[in-house]
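The values are calculated or read from the model by the stated rules, or taken from the named source; none is laboratory data. Everything numeric in this text was worked out from a predicted model, so none of it was measured. Backbone-built Cβ (ideal geometry, glycine too); neighbour counts: all protein chains shown. Only protein heavy atoms, including side chains, enter the accessible area calculation; ligands, DNA and RNA are left aside. Shrake-Rupley method; radii C 1.70, N 1.55, O 1.52, S 1.80 Å.
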There are 2 protein chains.
Amino acid sequence: MEKFQLPTLEDVARQAKVSTATVSRCLSRPETVRRSTRERVMQVVGELGYTPNFGAQAMAAKRTNTIGAVIPTMDNAIFAKGLQAFQEEISNRGASLLVASSSYRKDVEEKQIRSLIARGVDALLLIGDDRDNEVYDYLAKRRIPYVLAWNHRKGARHTFVGFDNFRAAYEMAERVVGYGHRDIAMIAGVTDSNDRARDRLSGVRQALSDHGIPGLAVTECAYSIDAAGDVFETIVSGDRRPTAIVCGNDVLAAGAIIRAKSMGVEVPRDISVTGFDDIELATVVEPGITTVHVPHGRMGRSAATALFTALENRRPRSRRLETRIVERQSLAAPRQ
Amino acid sequence: MEKFQLPTLEDVARQAKVSTATVSRCLSRPETVRRSTRERVMQVVGELGYTPNFGAQAMAAKRTNTIGAVIPTMDNAIFAKGLQAFQEEISNRGASLLVASSSYRKDVEEKQIRSLIARGVDALLLIGDDRDNEVYDYLAKRRIPYVLAWNHRKGARHTFVGFDNFRAAYEMAERVVGYGHRDIAMIAGVTDSNDRARDRLSGVRQALSDHGIPGLAVTECAYSIDAAGDVFETIVSGDRRPTAIVCGNDVLAAGAIIRAKSMGVEVPRDISVTGFDDIELATVVEPGITTVHVPHGRMGRSAATALFTALENRRPRSRRLETRIVERQSLAAPRQ
DNA sequence: TTGGGCAATGCAAGCGCTTACATTCCTGTG
DNA sequence: CACAGGAATGTAAGCGCTTGCATTGCCCAA
């Protein structure tokens, strides 16, 4: 490949007959440069098509204007919407987003975190709080601000921007009980390395126990329609069929509902099903899924805001977003 | 914030009693260093918890191991799946992914491309080929390799890794005609700045025209279930109701189907509907959507491969992936 | 033993930018 | 008209790494 040179700060400086310092200031703190000088410089910048060299800028300024995010997977509407909003906010503020995914695996997540940091991200968005302490220590040692999203825990050492999975699940379970259900099963997400799944599970457990309903049958299940369908089939074919199934999220609920249909089981007449997240899927299956609405967009934007607060060396505050139950048709009173 | 220093190459070098050059080589081309030396160095690297400084490395090596992607939106399963696969492949090869989204707007996309390049990405993934020539000139001038995905055009100057939207849409339209439909309408995506939407539209047009069916009524529509529902309602309420509606993608088709249900119009008995993309949504609505299956995962991985080929200074080849029609229940013969 | 030749290592010059500090230029005031 | 003092600009020292080239070390053949 033949040689070619991009213009440098020095080229601009020379042509505008100022020092490199002045050019640099024109670009980063224009108000410190006299108007006439600034205009001359910017003119040359335009003519030459000058763009700062990223590496040099990063090295000299010790900052990359890049924010990292490690999410379980992009291929799931739960994260897509929030991440999209997060990205827009980041981008509006002149920074960029470096994303990595962990496939819900703790070891992979840790590797990705280290890799993003090695790549010079100024701050990190992480999902939930279930990771080894060394990871947090590492972040602290490197002075990397971070925000934990998609969950919220009171009085914790971390900055959360999310919602209370436990409480939301508790309320949903209470709602199910309120409809008169006593035989309730749960299809939960895989709880290993997943505090959100775990909190939703405990929320349901707690609610039932508070209402004097013993022995919740729980099956953990990967977030896939088919897998959830299989679990549903097993549950329904068992000797004691529950009258309601609380699902860890909408994907699981959709899987249950779709399988029910193909088995000739009618939802909610024969069995009720509830979801969590309120993604598009919940509105699209028939019957519509009664689920917990989560303000994903607001969460993403808010997480970005918190991160920028941290980058300004101000302590960001945790923020708990409200969820609410959206009733559609998949939950009804049990048949007598 | 108190001062703190991360260990540098020099710290490692000093402690391992070698030069910085040797440490650098241990890290990047270990085979050029004698085993005993290398082990001693790596030992110190471990003890100190040394990580290369990204900015310095980028500046000195003129390469960031970072790949950029500008997609219309993350919040759409069409891109999510492909991007997830792309990211995994990138990550496996030791690079990172910088993503930005354009909201289907040409001007925003251009800004994002420039911003990613300013951020030092080594290569770019872009969707489709509909952009101003200056953008390609800019990429050429900066010597940034790029791959265009989600579409494929024969003999073009660009590297495509995608599928032939025109042909796939053509085949789908032919299939619809094959079922006996003559009154066909189309709900297309917004074609402005979107070559995929445009190609799908022309594919359908061409097929109908080749089969002697004149006058396709087309309505463009944003990719949203509700918007598509509204369009569907308008079409169906018109004085000449078509017997089939070909949709630009599955989201549009789902919107049509859902609205049909609420209007008491039965699909496919009263009207047939087809989709495009074969996202999860297509399997979840009732009736299931007859659609064009696109190998999103393979496309994402393949795009990554092509990009790495380009980065090794070898000319990457365009690649056309096969699509196929998946028949579900939303397409059937028209009633007599 | 000697020297050739390759492998291993060291030296040091950048890479392009930011910024603390020094210097120069203005402006308004006495 | 001189000068204080702030505003504008310049000077130059890094930032931490890679890599071309120079040097040293080592092994083996003669």
Item to check | Other protein chain Cβ atoms within 10 Å, averaged over every residue that makes up B:257-264 | outcome: 1
Checklist entry - What's log10 of I(q)/I(0) for chain A at q = 0.08 Å⁻¹, Debye sum over Cα points only, no solvent? => result -0.49
Next on the checklist: For chain A, what does the relative contact order come out to in percent, with C-alpha contacts under 8 Å and a separation of six or more?
Outcome noted: 16 percent
Item to check | Where the protein assembly as shown is the region considered: accessible area per residue in Å², 1.4 Å probe | outcome: 44 Å²
Next on the checklist: Distances in nm, one decimal, shortest first, from A:Arg114 to the same residue in every other copy, taking the label point 7 angstrom along Cα→Cβ.
Outcome noted: 3.9
Checklist outcome for this item: For the pair A:Asp270 and A:Leu48, the simple spin-label estimate (label points 7 Å beyond Cα toward Cβ) gives in nm 7.5 nm
Checklist entry - With every protein chain left in place, what is the accessible area of B:Met59 in Å² (1.4 Å probe, nearest 10)? => result 70 Å²
Checklist entry - What do the square roots of 5 times the Cα gyration tensor eigenvalues come to for the range B:9-61, in whole Å, largest first, as semi-axes of the equivalent ellipsoid? => result 17, 13, 9
Checklist outcome for this item: Here FRET efficiency (C-beta to C-beta, A:Ala118 to B:Arg315, R₀ 25 Å, nearest 0.05) is 0.20
Checklist outcome for this item: One point scatterer per Cα, no solvent, Debye formula: log10 I(q)/I(0) for the range B:1-136 at q = 0.20 Å⁻¹ comes out as -1.10
Checklist entry - Around A:Asp230, with a cut-off of 15 angstrom between Cβ atoms, what is the net charge of the other residues, counting Lys and Arg +1 and Asp and Glu -1? => result -1
Checklist entry - What does the average come to when, for each residue of peptide B:69-80, you count the partner chain Cβ atoms lying within 10 Å of its Cβ? => result 5
Checklist entry - Roughly what % of Cα-Cα distances in the range B:165-294 sit above 20 Å, to the whole percent? => result 34 percent
Checklist entry - Got the A:Arg298 label distances to the other copies yet, label 7 Å along Cα→Cβ, in nm, shortest first? => result 4.4
Checklist outcome for this item: Copies of A:Val190 compared via label points 7 Å along Cα→Cβ give distances in nm, shortest first, of 3.8
Item to check | Buried area at the B-A interface (accessible, heavy atoms, 1.4 Å probe, summed, Å²) | outcome: 4300 Å²
Item to check | Relative packing of A:289-301, A:130-142, A:263-275, B:37-49, which averages over residues the other C-beta atoms within 10 Å, highest first | outcome: A:289-301, A:263-275, B:37-49, A:130-142
Item to check | Taking N as its residue count, the alpha carbon Rg of the protein assembly as shown over 2.2 N^0.38 Å | outcome: 1.06
Item to check | Accessible surface of the protein assembly as shown [probe 1.4 Å, protein heavy atoms]: carbon and sulfur percent | outcome: 46 percent
Item to check | Cα-Cα over 21 Å, subset of A:Lys81/A:Lys261; B:Lys62/B:Lys141; A:Lys62/B:Lys62 | outcome: A:Lys81/A:Lys261
Checklist entry - Suppose R0 equals 22 Å; then what is the FRET efficiency for B:Asp107 and A:Arg63 from their Cβ-Cβ distance, rounded to the nearest 0.05? => result 0.20
Next on the checklist: Within 10 Å of each Cβ in A:54-64, how many Cβ atoms from other chains are there, averaged over the peptide?
Outcome noted: 6
Checklist entry - Protein chains only, probe 1.4 Å: how do B:Ser209, B:Ser102 rank by accessible area, largest first? => result B:Ser209, B:Ser102
